[in-house]
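The values are calculated or read from the model by the stated rules, or taken from the named source; none is laboratory data. None of these values were measured; they are calculated from a predicted model. Cβ coordinates were reconstructed from backbone atoms using ideal geometry, including for glycine residues, and neighbour counts include every protein chain displayed.
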Amino acid sequence: MLQKLRFFSSIAVLYVLTIGTIGLTLYSSYLFGTPVWAQKPSIVYIKPVPLPPKVTSGKPVHITIVSSSIDLAIDDGSYNANDGSWTLSDTHAQFATMTQPANDHAGTTFIYGHGTDAVFGKIGSSPPPSGTIAEITTDNGHVFTYVLQAVKNYEPSDTSVLQDTTSGQPRLVVQTCTGAFSEWRTMFIFTFEKVSL
């Protein structure tokens, strides 16, 4: 008899605990909203973030314009604001280091040099036609190919070509002095065609 009493007591306790748990869950749902275990799973959409474009670039160290017999090493060049002068070489071209390195993404790579036979005199005295190919070799072994689109003369005080060298399609601008008294800054504007890795 005592065993039956214990058995039914245990059943009653379990019954009370079960009813209490259900009641507490329902009451808390009423007070605090749907319990977590009863909520429908929500779908989270993650917008993919585009990867930054892969840019191939390098510092110019050599320029070739085969049709005009231009085959020159390129040194770093800079502008001295104190006296208004540019770094120049008697035998090499110069890369204006404040402009963009040769690249396949954006901006202007600016190469300049004397209008002498040893540097850019051949294209200054006899400008090549549109479609002429120029190649820039970089310090990391890339070869960038450009196609001549335009030849323009600027006064020495006109630096507009250097005002924004970071945006736009990648291009190469080659500058040399022309005219009887070197009174013009002639710009050879090339557009990027390809790069060999």
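Criterion first (in a strand (DSSP E or B) and in contact with a strand residue (DSSP E or B) (Cβ under 9 Å, 6 or more places away or on another chain)) does GLN175 satisfy it?
So GLN175 fits the description; yes.
Pull up the range 124-149, narrow it to residues that are at pLDDT 95 or above and hydroxyl-bearing (Ser, Thr, Tyr), then point me to the one that is surrounded by the most Cβ atoms within 10 Å (Cβ to Cβ).
Among those residues, the one meeting the criterion is TYR146.
When the range 87-123 is examined, which residues are found to be under 30 Å from the mean Cα position of the chain (by Cα) and loosely packed, with under 13 Cβ neighbours inside 10 Å?
MET98
Among what's in the range 42-86 and is among the aliphatic types (A, V, I, L, M) and within 25 Å of the chain's Cα centre (by Cα), pick the residue that is nearest to LYS122 (Cα to Cα).
ILE63
Is there a residue in the range 158-174 that is of a type outside the set (Ser, Thr, Tyr) and touching a helix residue (DSSP H, G or I) at 6+ places or on another chain (Cβ under 7 Å)?
Yes; the residues of the range 158-174 include at least one that is of a type outside the set (Ser, Thr, Tyr) and touching a helix residue (DSSP H, G or I) at 6+ places or on another chain (Cβ under 7 Å).
Of all residues being loosely packed, with under 10 Cβ neighbours inside 10 Å and hydroxyl-bearing (Ser, Thr, Tyr) in the range 41-62, which is modelled with the highest pLDDT? Just the residue, please.
Checking each candidate, the answer is TYR45.
What single numbered condition from (1) part of a loop (DSSP other than H, G, I, E, B); (2) among the β-branched types (Val, Ile, Thr); (3) surrounded by 11 or more Cβ atoms within 10 Å (Cβ to Cβ) fails to hold for THR166?
All conditions are met except number (3).
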